[in-house]
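Here is the structure we will look at, set down as structure tokens.
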Protein chains: 2
Amino acid sequence: MKRLELLDTTLRDGAQAEGISFSVHDKLVIVETLDDLGIPLIEAGNPGSNPKDLAFFEAVAAQPLKQARIAAFGATCRPKLAPADDANLQSLLQAGTGVVVIFGKSWSLHVTEVLRTTLAENLRIIRDTVAWLKGRGRRVIFDAEHFFDGWKSSPDYALQAVAAAAEAGADVVCLCETNGGCFPGEVACGTAAVVERLAGRAVVGIHTHNDAGLGIANTLAAVEAGATHVQGTLAGFGERCGNANLAGLIGNLQLKLGYTCIPGPRLPMLTSAVRRVAEVANIVLADDMPFVGRKAFAHKAGMHMDGVKKCSVSFEHVPPESVGNARRFLMSEVAGRSAVVDRIRELAPDIDKHDPIVERVVKRLKELENEGYQFEGADGSFELLIRKALGTYQPFFRLERFRILGERPSANPEAGSVAMVKIVVGEAEEVTAEEGNGPVNALDRGLRKALDRFYPRLAEARLTDYKVRVLDGAAAAAAKVRVLIESTDGQRVWSTVGVSTDIIEASWIALVDAIEYKLFHDREEAPAAAAP
Amino acid sequence: MKRLELLDTTLRDGAQAEGISFSVHDKLVIVETLDDLGIPLIEAGNPGSNPKDLAFFEAVAAQPLKQARIAAFGATCRPKLAPADDANLQSLLQAGTGVVVIFGKSWSLHVTEVLRTTLAENLRIIRDTVAWLKGRGRRVIFDAEHFFDGWKSSPDYALQAVAAAAEAGADVVCLCETNGGCFPGEVACGTAAVVERLAGRAVVGIHTHNDAGLGIANTLAAVEAGATHVQGTLAGFGERCGNANLAGLIGNLQLKLGYTCIPGPRLPMLTSAVRRVAEVANIVLADDMPFVGRKAFAHKAGMHMDGVKKCSVSFEHVPPESVGNARRFLMSEVAGRSAVVDRIRELAPDIDKHDPIVERVVKRLKELENEGYQFEGADGSFELLIRKALGTYQPFFRLERFRILGERPSANPEAGSVAMVKIVVGEAEEVTAEEGNGPVNALDRGLRKALDRFYPRLAEARLTDYKVRVLDGAAAAAAKVRVLIESTDGQRVWSTVGVSTDIIEASWIALVDAIEYKLFHDREEAPAAAAP
């Protein structure tokens, strides 16, 4: 089995994509997802260019990881400066990671026209930076920016630049196809030249972009030419047209070409991991994404369905379940049954996998997915779904009615909306109203106010995140929306989901789940204090 | 100059994608778009499997085309049937096109397991069908379905199948990578083997899919091995993960590899043609689509912007204007002053970089960013911000008041919200109301209804995406939200942004910008038709 070392840069190169902006909490969730999937290296930010990244590096150091190592990213020292005098490099050390990724110039044009220094000074910069970081005990990955463009226009200099990094002690020399415009043949030749030049002194890596639609092909060409370290982003997020997506690379390399990228048993987690990263980034994944997209194994033509039923390889290049995806004939969704069994056992450890409850949960899951629900980012709602199937669910309250009124201009913008709520708990009714700075806020406050006298511990919980996703872009404001809510009571964090054509109703569904989740867990912790 | 013959199959293979269903009118608009772009062959439907396609073929015969030829698509005759006795082949002739595309089996597994006939009978089927169509004066393109999977498992038989088509007179033998799972090396070898075997008796073509993320790479590999006919879909629509997209192929082949695919002067129409096809198909194009995506030349990292300004090739693989796309410096406080100057000059070319307007825009940008605005994904709103600073802005209408009422349970969930809107245009007032399936939908519809009699061209524009981001996670439902709206009128795509603690107000701000953007551009296009 041939081994490859993967590095995911969703948190760094991915964050350079338009529309992506990660909070520290978002970053921690992505680290956990990548760690669970078995990605060994996670490039997590540039502490020099983004001071708030330091807060993240402190937080991640306190988070126990199963196997992944975190890498900080930064530039080589500036011209005419010693590494020790460069504040960005000092920040890089401060991040406290065992692995650092350092990018430097290898295209002569960039040295003279962009960095505006001499070719010799650039080699000095590379050598000094790598040696200085090695001297401080770091594992050093040198990213040779624009290597292939450099190699095409001035091959000797490009090779000198990567050789300088290797001679100064870089553990990995990663060849970057920064502009995304090269062809597989060019990438193969350039990589082979470096493999020969470095003669085993450093691991050779590859980092490609998708501007010509060749991100995956170029990475595969480099691996064939001897690269054994592969950089990309799990879902393909990145500058412009994105980075080579690791999901597609893992699918091709591990299922078809005999490489080990992640532990084999984790391969079926691939689809859910990609979707979770996209969910956190609040980016709509392309349905036609290879291997993991919703349409990747969707068959519409009758002849294709017929062929697949007779013999699945007739219209499928890999088995969909091998990457945790599912075959779909038109609208029917197929859920991962064994994943469902595992989740049910967290609540009811003795459930057998043939228990009819499993079937009930799978069926309900399919129904809800067809309506636009997605439970990868909503574990709280999924737990409630299981409780309902187990028969242990009982509602804590019932909504009689709500009304919301919003008006602009408003005398007080902090109270531009008002919600009237009527609920029933056991035999008791409660009617109340509350203002808010928007309709969801008014509704959230009104509902909590109505429930307060029945469930005083609800005051501990609060919403920490609120995301809205339009499900059918083409219909936009008239389309279905999915609302994801994240809540915490200081100890636990849970997420819930609601889907509706009405953003208020979708929010209501997710709010109710969020409150019920809290009430269930409170009751199980302290039965004596349980509600009626 | 090396020539390639392109065939677009958006109307046939593209229509096999989930969520796509073309009316006859849609098909005619797409034919016109492809013809204008200079695509020489348009595969337009399967009259055998879809009888209503015949209505389209009649309509298209009456539509004068600049240069394109229309092809009808169908299967080889059924086992044990003569072509003349096969109703599907009769329908194919009835379509009345000078060119026909016929697909047949070349993978032995498909012959025995799916078609369930003998290998010899399949060769008879291919020969008879091709010869019969040639005898009726058609130009015949033979699509060898699953050619590469067939060639990998049983190379002799795959070659016999394509040779049978060529010997029977096929003008083009097109090798189909139907399942999308092969690698460029395999495609290159298989294509080379066919080129050698046919020895010039027929043109060799290539048709690939994107299931492994290699659709473009595989097509390029086949072209390098001697294929001179290329099939794909302009925007990449197709079964599962889609077909090789012609937009990316044209970009690579024509701009970088010296092939002529479409007339050179039409290359700058590429981006708008792809967007028009997507618009008709009612599919949201991926922003990161190579060459033609909205993000394809978007720069966010300050260092990249700096590099592009010093020397555009430093971070761009081709000039964006060469394919009719545009460079975008994403506006953020880190973008820096010179990016702002460039953007202002697009509206007012003579502005000096020391003009006080620049300072005013930068100051306003910072203020708004402090309030939570983000303009990197909202170029429409940023343009309006500049217009306000330039003094060329004047409002098209004024909001007097809106009220929104929402209620659950609701007798009709599709009309659970109602918005009352009062606006003023010049001296005229308009009061109206509209229902919606949610508050934003009701408000959007109400506002457009109120404006309709003043600005009828607004009917061309619609929302294509709606995103909500909570800015301060810790405060969640009480926090500020940022709403991003994407709109299109079929030609242009623009994004606008609004920020408020009230999701309704944030949506309102973004909606108003979206409408004003459209009105400004309409007025500048056709001053005579301008509004009051």
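Each row is one residue, and each column tells you yes or no for (1) closer than 30 Å to B:ALA296 by Cα; (2) at pLDDT 90 or above; (3) basic (Lys, Arg).
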position: B:LYS363; (1), (2), (3): yes, no, yes
position: B:LYS366; (1), (2), (3): yes, no, yes
position: B:GLY380; (1), (2), (3): yes, yes, no
position: B:GLY391; (1), (2), (3): no, no, no
position: B:PRO395; (1), (2), (3): no, yes, no
position: B:LEU399; (1), (2), (3): no, yes, no
position: B:ALA411; (1), (2), (3): no, no, no
position: B:ALA415; (1), (2), (3): no, no, no
position: B:GLY436; (1), (2), (3): no, no, no
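Residues in segment B:425-442 that are in contact with a Gly (Cβ under 7 Å, 6 or more places away or on another chain), open to solvent by less than 30 Å² (accessible area, probe 1.4 Å) and more than 7 Å from every other protein chain (Cβ to nearest Cβ): 2 in all.
Can A:GLY200 be described as in a loop (DSSP other than H, G, I, E, B) and buried (at least 24 other Cβ atoms within 10 Å of the Cβ)? It would help to see each step written out before you state the result.
Details: in a loop (DSSP other than H, G, I, E, B): yes; buried (at least 24 other Cβ atoms within 10 Å of the Cβ): no.
When the stated conditions are applied, A:GLY200 does not pass them.
The set of residues in segment B:113-138 that are among the β-branched types (Val, Ile, Thr) and open to solvent by less than 60 Å² (accessible area, probe 1.4 Å) comprises B:VAL114, B:THR117, B:ILE125, B:ILE126, B:THR129, B:VAL130. Would it be correct to say that A:GLY45 is open to solvent by less than 50 Å² (accessible area, probe 1.4 Å), assigned to a loop (DSSP other than H, G, I, E, B) and touching a helix residue (DSSP H, G or I) at 6+ places or on another chain (Cβ under 6 Å)? Criteria met by A:GLY45.
Out of A:LEU65, A:LEU4, A:LEU37, one residue alone is farther than 21 Å from A:ARG139 by Cα and of a type outside the set (Gly, Ala, Ser). It is A:LEU37.
Looking across segment B:10-22, just one residue is within 7 Å of B:GLU43 (Cα to Cα) and either within 13 Å of another protein chain (Cβ to nearest Cβ) or more than 14 Å from the chain's Cα centre (by Cα) (or both), and that is B:ARG12. Considering segment A:435-459, and only residues there that are under 24 Å from A:PRO413 (Cβ atoms) and of a type in the set (Asp, Glu), the residue that is farthest from the chain's Cα centre (by Cα) turns out to be A:GLU435. Is at least one residue of segment A:182-196 under 26 Å from the mean Cα position of the chain (by Cα) and not in a loop (DSSP other than H, G, I, E, B)? No - not one qualifying residue is present in segment A:182-196. Can you work out which of the residues in segment B:402-424 that are closer than 17 Å to B:GLU516 by Cβ and away from every other protein chain (no Cβ under 11 Å) is surrounded by the most Cβ atoms within 10 Å (Cβ to Cβ)? My answer is B:ILE423. A search for C-beta distances below 7 Å between a residue of segment B:278-289 that is within 12 Å of B:VAL493 (Cβ to Cβ) and any residue that is among the hydrophobic types (A, V, I, L, M, F, W, C) and assigned to a loop (DSSP other than H, G, I, E, B), counting only pairs 6+ apart in sequence or on different chains, returns B:ALA278/B:ALA235; B:ALA278/B:LEU285; B:LEU285/B:ALA235. For segment B:246-264, the tally of residues that are surrounded by fewer than 24 Cβ atoms within 10 Å (Cβ to Cβ) and either out of contact with any Gly (no Cβ under 9 Å at 6 or more places or on another chain) or within 13 Å of chain A (Cβ to nearest Cβ) (or both) stands at 9. The residue list A:GLY48, A:GLY74, A:GLY14 contains one member that is touching a residue at least 24 places away in the same chain (Cβ under 8 Å) and within 25 Å of A:VAL323 (Cβ to Cβ), which is A:GLY14. Report, by residue number, each residue of segment B:54-84 that is open to solvent by 60 Å² or more (accessible area, probe 1.4 Å), in a helix (DSSP H, G or I) and over 19 Å from B:ALA15 (Cβ atoms). Correct list: B:ALA61 only. The set of residues in segment B:200-221 that are within 13 Å of chain A (Cβ to nearest Cβ) and either more than 20 Å from B:THR260 (Cα to Cα) or aliphatic (A, V, I, L, M) (or both) comprises B:HIS209, B:ASN210, B:ASP211, B:ALA212, B:GLY213, B:LEU214, B:ILE216, B:ALA217, B:LEU220, B:ALA221.
For first residues located in segment A:88-103 and at negative phi and modelled with pLDDT under 95, partners that are among the hydroxyl-bearing types (Ser, Thr, Tyr) and surrounded by fewer than 24 Cβ atoms within 10 Å (Cβ to Cβ) and lie 6+ apart or on another chain with Cβ distances below 8 Å form the pairs A:ASN88/A:SER49.
Total residues in segment A:376-401 satisfying the condition of being part of a loop (DSSP other than H, G, I, E, B) and surrounded by fewer than 20 Cβ atoms within 10 Å (Cβ to Cβ): the figure is 6. The residue list B:ALA225, B:ALA278 contains one member that is away from chain A (no Cβ under 11 Å), at pLDDT 85 or above, open to solvent by less than 30 Å² (accessible area, probe 1.4 Å) and out of contact with any Lys or Arg (no Cβ under 6 Å at 6 or more places or on another chain), which is B:ALA225. Looking across A:SER507, A:SER487, one residue alone is within 12 Å of chain B (Cβ to nearest Cβ), touching a residue at least 60 places away in the same chain (Cβ under 8 Å), of a type in the set (S, T, N, Q) and part of a strand (DSSP E or B). It is A:SER487. On the stretch given as segment A:444-474, residues that are open to solvent by less than 40 Å² (accessible area, probe 1.4 Å) and more than 8 Å from chain B (Cβ to nearest Cβ) total 8.
Taking the options B:VAL313, B:VAL284, name whichever one is over 21 Å from B:THR191 (Cβ atoms), open to solvent by 40 Å² or more (accessible area, probe 1.4 Å), within 16 Å of the chain's Cα centre (by Cα) and within 11 Å of another protein chain (Cβ to nearest Cβ). It is B:VAL284.
Is it the case, given these coordinates, that A:ASN243 is open to solvent by less than 10 Å² (accessible area, probe 1.4 Å), within 8 Å of chain B (Cβ to nearest Cβ) and either closer than 29 Å to A:ALA131 by Cβ or basic (Lys, Arg) (or both)? Before the answer, list the steps.
On the way: open to solvent by less than 10 Å² (accessible area, probe 1.4 Å): yes; within 8 Å of chain B (Cβ to nearest Cβ): no; either closer than 29 Å to A:ALA131 by Cβ or basic (Lys, Arg) (or both): yes.
Considered against the rule, which asks whether it is open to solvent by less than 10 Å² (accessible area, probe 1.4 Å), within 8 Å of chain B (Cβ to nearest Cβ) and either closer than 29 Å to A:ALA131 by Cβ or basic (Lys, Arg) (or both), A:ASN243 comes out as no.
When B:GLU121, B:GLU113 are checked against the criterion of being modelled with pLDDT under 95 and either closer than 18 Å to A:ALA301 by Cβ or part of a helix (DSSP H, G or I) (or both), a single residue qualifies: B:GLU113.
For segment B:169-181, name all the residues that are outside any loop (DSSP other than H, G, I, E, B) and away from chain A (no Cβ under 14 Å). Selection gives B:VAL172, B:VAL173, B:CYS174, B:LEU175.
The values are calculated or read from the model by the stated rules, or taken from the named source; none is laboratory data. Treat the numbers as computed from the prediction; the structure is a model and nothing was measured. A quick note on method: Cβ atoms are made from the backbone with ideal geometry, for glycine too, and the neighbour counts reach across all protein chains shown. Protein only, heavy atoms only, side chains kept; ligands, DNA and RNA dropped before computing areas. Shrake-Rupley method; radii C 1.70, N 1.55, O 1.52, S 1.80 Å.
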